[in-house]
Amino acid sequence: MERHPDSLWAATAEPDPGHRPLDAETSAEVCVVGGGFTGLSTALALAERGIDVVVLEANAPGWGASGRNGGQVIPGLKQDPDALLSAFGDEAGARLASFAGSTPRILFDIVRRHAIACDAFEGGWLQPAHAEAGLDTIRARAAQWRPYGADIVELDRAETARLVGSEHYVGALLDRRGGSIQPLSFARGLARAAAGLGARIHADSPATGLARRDGTWRVTTPRGSVAARRVVLATNGYSGPLHPTLMRSVVPVFSFQVATEPLSDNVAATILPEGHPASDTRRLLWYFRKDRHNRLLMGGRGFRKDALDAGDTGVLQAALRRLYPQLGEIRFSYHWGGRVAMTADHLPHLHEIEEGLFAGLGFNGRGVAMGTAMGTVLARLAAGEPADAMPLPVTPLRPIRLHGLHSPVVHALTAYYRWQDARERRAMAS
Ligand SMILES: Cc1cc2nc3c(=O)[nH]c(=O)nc-3n(C[C@H](O)[C@H](O)[C@H](O)COP(=O)(O)OP(=O)(O)OC[C@H]3O[C@@H](n4cnc5c(N)ncnc54)[C@H](O)[C@@H]3O)c2cc1C
């Protein structure tokens, strides 16, 4: 079992109640593999229905992306509603858009219903525009979401500067559906709530085998096994050889973050003064927010590894200097990274792989709200509801072609995107 990375979230989260490894042969109605937001939310929704569920987590709840992310509760998908209508047709596309727009509400409802202590902030999410091209993106986004009743406003340059606390951006979108959480506390809260309703959650229990015989699935771990009618795979960017095709249906890319020491009250009051989280319109986006102790977090993309060393933080330090010159000398208390699961079509995927075997993954860096909401959908499927009643299309599982080549391709694209982002900024300045 691997420990949580040494992150701000691990240092400040609500305590882990502790979950024993599976050390026996057992049975359940549903077995969930993976204890992040997706798997834990699936288990919670099943337990709320009174369905017997076992969760197998290789490490500890929230060990994967769910305990490492920016905690930004972002509505919608990378694709805006028009793209969903073109991809899936008017009816299914609109259903998916409505669902994607409702994911923060699903998350915050869970927080309230189960009194999960996770510093939940429901005051909205900012998407500041880094250049003219970014303004086009947010204008189109706002226009496409309004027919769905989304509470979104476009901010001019002055209002953006006020809410971000920086002159860096040319405008922004304020989406009042969004907000933020302490992600590891939220993951632990989901686990606690599910366990309180009877879900059996096992840490240090990697699923190493998966087979079906006579209509029953058997999931094996090093010290035990679970026999279940239905299995949900919720392993996302950490999917491994348990199901090789699932593993090859996403490309893991790495995202990393830094957190400063707590800022002085004077400086903190000038940065994100109303407490919003923000992710900008760069292709290699900068995402940033404060935590409840007024530490400033900054995240970005780029390195091809899970573990960072202190030298890697230079890129984010430079970004923070440009955004917030008022910070003066910047000292980081924490730096850490994790895997984001990308799909070829930039959409999250929901699969029935074989009879009784389901998976939901590929959140393309937007899985805080979407992964949590996906869990509620996976629970409905695992409870026996038909695929055509789901708000997301249930699609066949397909590996990405030439999967092995994707890591170097992503690396090359990263460099290209960085160049494009910089070129757009330069064009604005000239
Ligand atoms: C640095 C970073 C910043 C991000 N910031 C944001 C953000 O601000 N907003 C946002 O919306 N999204 C963000 N994301 C994405 C978001 O964190 C993910 O989309 C989301 O957490 C996915 O949840 P999950 O439960 O599907 O996967 P994970 O949380 O990755 O969970 C998968 C789990 O499966 C377990 N597992 C794997 N194989 C097995 C096995 N064989 N047996 C048992 N267990 C297994 C792993 O140990 C892991 O705990 C970020 C991601 C990263 C890495």
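The values are calculated or read from the model by the stated rules, or taken from the named source; none is laboratory data. Predicted, not measured: the structure shown is a model, and the values here were computed from it. Here Cβ is always computed from backbone atoms with ideal geometry, including for glycine, and neighbour counts include all displayed protein chains. In case anyone asks, the SASA skips ligands and DNA or RNA and just uses the protein heavy atoms, side chains included. Shrake-Rupley method; radii C 1.70, N 1.55, O 1.52, S 1.80 Å.
Structural remarks
- Counting 0.36 nm for each residue step from residue 229 to residue 214 and taking away their Cα separation leaves a gain of 4.4 nm.
- Probing with 1.4 Å while keeping every protein chain in the model, the per residue accessible area of the stretch 221-348 equals 40 Å².
- Computed E for residue 270/residue 427 - FRET, C-beta separation, R0 22 angstrom, nearest 0.05: 0.20
- Net charge over other residues, Cβ less than 15 angstrom from the Cβ of residue 163 (K, R count +1; D, E count -1): -2
- For the stretch 185-250, the alpha carbon convex hull comes to 112 Å³ per residue, rounded to a whole number.
- Looking at the stretch 100-166, the accessible area is 42 square angstrom per residue; that uses a 1.4 Å probe and ignores ligands, DNA and RNA.
- C-alpha long axis of helix 314-323 to longest principal axis of the chain, angle in °: 50
- Remark: spin-label model distance residue 317-residue 344 equals 4.1 nm, labels positioned 7 Å along the Cα→Cβ axis.
- Qualifying chymotrypsin sites (Phe, Trp or Tyr not before Pro) in the stretch 76-183, DSSP loop, other Cβ atoms within 10 Å at most 13: none
- Where trypsin sites (Lys or Arg not before Pro) in DSSP loops with at most 14 other Cβ within 10 Å are excluded, longest remaining stretch of the chain: 50-222
- Backbone amide hydrogens, once placed in the peptide plane, bring residue 232 within less than 5 Å of 31, 32, 33, 358, excluding anything fewer than 5 places away on its chain.
- C-alpha long axis of helix 183-196 to longest principal axis of the chain, angle in °: 30
- About its Cα centre, the stretch 145-189 has a charge dipole of approximately 240 debye under the convention of +1 per Lys or Arg Cβ and -1 per Asp or Glu Cβ, with nothing else charged.
- Rounded to whole Å, the principal axis extents of the Cα atoms in the chain read 69, 46, 43, largest first.
- Rounded, prolate or oblate (a/c below 1.5 giving rounded, otherwise prolate when a/b exceeds b/c) for the stretch 339-403 by Cα gyration tensor: oblate
- Across the chain, the longest run free of exposed loop sites, meaning GluC sites (Glu not before Pro) lying outside DSSP classes H, G, I, E and B with no more than 15 other Cβ atoms within 10 Å, spans 3-166.
- Under 17 Å from the residue 151 label point (7 Å along Cα→beta-carbon), backbone N, the stretch 177-206: 177-181
- Anisotropy class of the stretch 84-193 from Cα gyration tensor, a/c 1.5 cut: oblate
- Fully extending the segment from residue 114 to residue 326, taken as 0.36 nm per residue of separation minus the present Cα-Cα distance, adds 72.4 nm.
- Estimated dipole of the chain in Debye, rounded to 20 [Cβ of Lys and Arg +1, of Asp and Glu -1, Cα centre]: 540
- Contact order relative to length of the chain, as percent, for alpha carbon pairs under 8 angstrom and 6 or more apart: 24
- Computing FRET efficiency as 1/(1 + (r/R0)^6) for residue 176 and residue 1, where r is the C-beta to C-beta distance and R0 is 30 Å, gives about 0.15.
- Rounded to the nearest 20 debye, the dipole size of the stretch 97-139 about its Cα centre is 220 debye, using +1 on the Cβ of Lys and Arg and -1 on the Cβ of Asp and Glu.
- Selection from 137, 32, 45, by position along the positive dipole direction of the stretch 1-142 (Cβ): 137
- Carbon/sulfur fraction of accessible area - the chain, other protein chains in place, 1.4 Å, %: 51
- Cα long-axis angle, helix 90-113 against the chain (0 to 90 degrees, to the nearest 10): 90
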